Amino acid sequence: MNRLVSGAVALIAAGWTASAQAADLPYGSHPPYTVNQPLNVYSWAGPYLGANLGYAWGSVDHNPTKPSGFSGGAQGGYNWQTGPWVFGVEGDIQATGANDTFAPWKFSNPWFGTVRGRAGYALSNILFYGTGGLTYSSGDEARTGFAGTSPRTGWTVGGGVEYAPGKQWSLGLEYLYADFGKSAQSRSNFSTGGSPNDDHSQILRGRLNYRFGWDGLQK
């Protein structure tokens, strides 16, 4: 009986000693607690400036001419981003060789520009967007015995995709449909069949943009 009691006492003492030694271990030996952070996401927000090059082709109401030719110019704008949604404003100015001649009529559009809003959805560094706004152009017109330039305004809609291979540069492809409106000249000397000539154009262009002042990432 005494041996049984002595063994129990020895076992309890051993357990007590082990517990005390474990309690004396420093807490710093435990690995620190860490929280996984989400991956960085590309940001399209901020100002940008760039250049474009493409081709324009179109038609003129009440006239068989179809002005077409290369176009190129510069664009600039600003984007805001909320989650994957991107909103912005953009303006551009273009020089174009689009022109065509039929019988006594010649229609050309040496330059035009747009002021547009943009709205899109970003998949990290790829942006899909729609765009729409106002156009302004020179609208040169000529007919036997008459010639003139009459500035005009109209509207445009389109869309595109943009890809950012790095932090500040992006490449894009954009399509626009533009209605340049009716000019004062086309209502008088340049009308055909008594109807004003409203010219339309479709533009497909590649774009290159440089984005200012940030590293392309949002936390």
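The values are calculated or read from the model by the stated rules, or taken from the named source; none is laboratory data. It should be emphasised that the depicted structure is a prediction, and the values quoted were computed from it without experimental measurement. Heads up, the Cβs are rebuilt from the backbone with ideal geometry, glycines too, and the neighbour counts pull from every protein chain shown.
Table for the structure above
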read-out: Count of the range 99-118 residues which are at pLDDT 80 or above and of a type outside the set (Val, Ile, Thr); value: 7
read-out: Close pairs from the range 53-65: first under 22 Å from Gln94 (Cβ atoms), partner of a type in the set (S, T, N, Q) and not in a strand (DSSP E or B), Cβ under 6 Å, at least 6 apart; value: Val60/Asn197; Asp61/Asn197
read-out: Residue in the range 165-176 that is surrounded by 15 or more Cβ atoms within 10 Å (Cβ to Cβ) and modelled with pLDDT under 70 present; value: no
read-out: Residue list for the range 128-161, restricted to those being buried (at least 18 other Cβ atoms within 10 Å of the Cβ), over 13 Å from Ser201 (Cβ atoms) and at pLDDT 95 or above; value: Tyr129, Thr131, Gly160
read-out: Residue that is loosely packed, with under 15 Cβ neighbours inside 10 Å and either closer than 21 Å to Leu171 by Cβ or touching a residue at least 12 places away in the same chain (Cβ under 8 Å) (or both), where the choices are Phe112, Phe87, Phe107, Phe102; value: Phe102
read-out: Residue check for Gly117: under 18 Å from Leu49 (Cα atoms), out of contact with any His (no Cβ under 6 Å at 6 or more places or on another chain) and crowded, with 18+ Cβ neighbours inside 10 Å; value: no
read-out: Conditions (1) of a type in the set (Phe, Trp, Tyr); (2) in a strand (DSSP E or B); (3) under 16 Å from Arg207 (Cβ atoms): number failed by Trp57; value: (3)
read-out: Matching residues in the range 57-66 - criterion: being crowded, with 17+ Cβ neighbours inside 10 Å and under 28 Å from Glu162 (Cβ atoms); value: Gly58
